[in-house]
Each structure stands twice: as structure tokens, then as C-alpha cells.
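Coordinate-derived values only; no laboratory data. This one's a predicted model, so the numbers in the text were calculated from it and none came from an experiment. Don't worry about glycine lacking a Cβ; one is built from the backbone with ideal geometry, like all the others, and counts go over all protein chains shown.
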Amino acid sequence: MKKDITIPEVKNVHVAVVNESLGEGESGWNVYLINDLNEIIEGVMVTSSGYSDELKKVKTSVLRHMVGNIPAKTAAKIEPISETVFEINNEYWVTFFSGNKLMEKKFVFGPHTITKVLEEELPVMNCKGVIIW
């Protein structure tokens, strides 16, 4: 029965986009998964895709990333992200095991939300970026 299924709430796991130096005066944006828990998360898989509203019907390829295990209070790089997709929704489905429970959460960066104006201090990483709490 549906009423017997409990879906645990994911807390202290975040997706963030960070503008980083690539050397020689160039910079680029990278997507990170932040584990702000006091325990390891295991078997981490991330699915990423981009899409726009129904009028433009823009859709990117779906990318799947096997991240593996992320120790407590650390972050793992998922993928680089191009500024050309900042005008559409960028969605990240994160699935992992915490203890013996399978956890899942969807993070969506809305259109034009990945910008230096919205950067804030990130947990664990000691830098600024755009984060979905």
C-alpha cells in the first residue's frame, strides 16, 4: 500500500555550480555535489539534463554520472557546464545510499539563476557558488 511506503527526506546534500579559474585568465563553471552530512554517502549516481518551457521546446541530452562514494563533509565534481545552457532549466537527479536507505532528490537551477550575482558561500568547499539548498 502507498501509505506504508516512507520516503526519507534528503538533508545536507546539495548541488552547486562554481565559477573556477581554468588558467591563463580563463574561467569556467563546474557542477559539484556537496555532502554536508557527518557520514559517507555511497553509490552516488547523478543524472543531468536541461530543458526549457513548452514554447521553445529546447531539450539537452541526458547525462548519467556514476560518482561512487563521497566522504563526509566533502564535495565531488560532477561535470562542467556551459554558459549556453544557463537560459534553460538545468536539472540534477541525485540518488545514493545513506546507511541502508536509498535516497533520492531532484535539484533544478531555473533559467538565468546560474550567475555571479547569486553566488554565496558554499558549505564544505570554502568558496562561493550558486547552490540549491
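Within region 70-97, the residues that satisfy the criterion of being without any contact (Cβ under 8 Å) to a residue 40 or more places away in the chain and surrounded by fewer than 15 Cβ atoms within 10 Å (Cβ to Cβ) are 71, 72, 84, 87. Before we move on, is residue 54 without any contact (Cβ under 8 Å) to a residue 24 or more places away in the chain, outside any strand (DSSP E or B) and acidic (Asp, Glu)? Answer is yes for this residue. Taking first residues from region 98-110 that are surrounded by 12 or more Cβ atoms within 10 Å (Cβ to Cβ) and partners that are in a loop (DSSP other than H, G, I, E, B) and among the charged types (D, E, K, R), the Cβ contacts under 9 Å between residues at least 6 apart in sequence or on separate chains come to 98/39; 103/9; 105/9.
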